[in-house]
Amino acid sequence: MPTFDYLHKKVLETIKVTDAEFDFARTLFMPKKLRKRRFLMGEGDVCKYTVFVEKGLLRSYTVDEKGAEHILQFAMEGWWSGDLYSFLTGEPSPYYIEALEDCELLLITKPSWDLLLDEVPAFERYFRILIQNNLIATQKRLIGTMSETAEEKYCKLIKDYPDIIQRVPQHMVASYIGITRETLSRIRSQHK
């Protein structure tokens with residue numbers, strides 16, 4: 001049974017909520033354990049939940065017509081995951097969400113999310129701040145993808161997320177930063 005302590009800590013880093021407000025929020029989440037290599041969602045599914053990662057690591061990715069994977073996001077402890085567009089509109093998602101490690105997750109449905117935002121306005125601010133920060137990070141990543149060298153992308157990744165290199169297979173790191181495995185191998189050998 002989850003304690004919700006980590007979610008509570010992360011929420012309090014961004015907004016102020018009373019214990020009563022957070023206790024109400026807890027009632028709206030569903031705990032889920034997801035084993036390594038299992039999928040939370042597949043391409044063509046509607047994203048029914050937005051997900052808080054209490055423990056473990058998820059990845060969100062697409063597969064192109066040639067079968068190549070393109071990783072959009074890694075979500076580790078304290079992060080949120082899902083397809084916001086699909087979650088809000090009910091449209092099918094182009095993404096897969098897979099557990100890279102055994103995970104302990106907290107899931108909230110769209111109706112429960114709406115109820116939380118209505119009943120505890122501070123959570124509306126919380127999610128607005130998260131969405132703003134995500135948009136900024138996505139824009140920075142897009143600009144970096146277009147303008148940075150492979151080595152700059154790798155160095156930025158290990159600076160921003162130093163433990164990702166130990167937790168994620170190298171071919172996924174390469175996919176995430178948009179370079180080949182061979183290029184990543186060459187860069188890593190130069191940084192030892």
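The values are calculated or read from the model by the stated rules, or taken from the named source; none is laboratory data. What you see is a predicted model; the values in this text were computed from it and never measured. Using ideal geometry, Cβ is built from the backbone for each residue, glycine included, and neighbour counts are taken over all protein chains shown.
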*Which of (1) in a helix (DSSP H, G or I); (2) loosely packed, with under 14 Cβ neighbours inside 10 Å is the odd one out, the single condition Thr183 does not satisfy?*
(2)
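Against the condition buried (at least 19 other Cβ atoms within 10 Å of the Cβ) and touching a Lys or Arg at 6+ places or on another chain (Cβ under 7 Å), how does Leu57 come out, does it pass? Lay out the reasoning, then the answer.
On the way: buried (at least 19 other Cβ atoms within 10 Å of the Cβ): yes; touching a Lys or Arg at 6+ places or on another chain (Cβ under 7 Å): yes.
It is true that Leu57 is buried (at least 19 other Cβ atoms within 10 Å of the Cβ) and touching a Lys or Arg at 6+ places or on another chain (Cβ under 7 Å).
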*asked:* Condition check: farther than 19 Å from Leu7 by Cα and either touching a residue at least 24 places away in the same chain (Cβ under 8 Å) or outside any strand (DSSP E or B) (or both). Does Leu135 satisfy that?
replied: yes
*Determine which single condition Glu152 fails, assuming it passes every other condition in (1) surrounded by 11 or more Cβ atoms within 10 Å (Cβ to Cβ); (2) outside the structural domain of Thr14 (by TED's automatic domain parsing); (3) under 21 Å from Arg59 (Cα atoms).*
(3)
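Please find, among Ser189, Ser175, the residue that is surrounded by fewer than 16 Cβ atoms within 10 Å (Cβ to Cβ), outside the structural domain of Thr14 (by TED's automatic domain parsing) and either over 27 Å from Thr50 (Cβ atoms) or touching a residue at least 40 places away in the same chain (Cβ under 8 Å) (or both).
On the way: Ser175 fails: surrounded by fewer than 16 Cβ atoms within 10 Å (Cβ to Cβ).
After applying the criteria, what remains is Ser189.
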*Among the residues of region 123-132, how many are touching a Ser or Thr at 6+ places or on another chain (Cβ under 9 Å) and either in contact (Cβ under 8 Å) with a residue 60 or more places away in the chain or polar (S, T, N, Q) (or both)?*
4
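Just wondering, is there one or more residues in region 157-175 that are more than 24 Å from Leu40 (Cα to Cα), of a type in the set (Gly, Ala, Ser) and out of contact with any Leu (no Cβ under 7 Å at 6 or more places or on another chain)?
From region 157-175, those more than 24 Å from Leu40 (Cα to Cα) are 157-160, 162; that's our starting set.
Right, trim to of a type in the set (Gly, Ala, Ser) and you get none.
No: region 157-175 contains no residue that is more than 24 Å from Leu40 (Cα to Cα), of a type in the set (Gly, Ala, Ser) and out of contact with any Leu (no Cβ under 7 Å at 6 or more places or on another chain).
Results for (1) surrounded by 19 or more Cβ atoms within 10 Å (Cβ to Cβ); (2) in contact with a Phe, Trp or Tyr (Cβ under 9 Å, 6 or more places away or on another chain), shown as yes or no for each residue.
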{"site": "Met76", "(1), (2)": "yes, yes"}
{"site": "Tyr96", "(1), (2)": "yes, yes"}
{"site": "Cys103", "(1), (2)": "yes, no"}
{"site": "Thr109", "(1), (2)": "no, yes"}
{"site": "Leu142", "(1), (2)": "no, no"}
*With (1) within 16 Å of the chain's Cα centre (by Cα); (2) crowded, with 19+ Cβ neighbours inside 10 Å; (3) in a helix (DSSP H, G or I) as the list, and Leu130 as the residue in question, which single condition is left unmet?*
(2)
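Where in region 37-90 are the strands (runs of 3 or more DSSP E), entirely inside, with at least 2 residues that are at pLDDT 95 or above and touching a Gly at 6+ places or on another chain (Cβ under 7 Å)?
Numbers: elements: 39-41, 49-55, 57-63, 69-76.
Because the criterion is at least 2 residues that are at pLDDT 95 or above and touching a Gly at 6+ places or on another chain (Cβ under 7 Å), the strands (runs of 3 or more DSSP E) in region 37-90 that meet it are 49-55.
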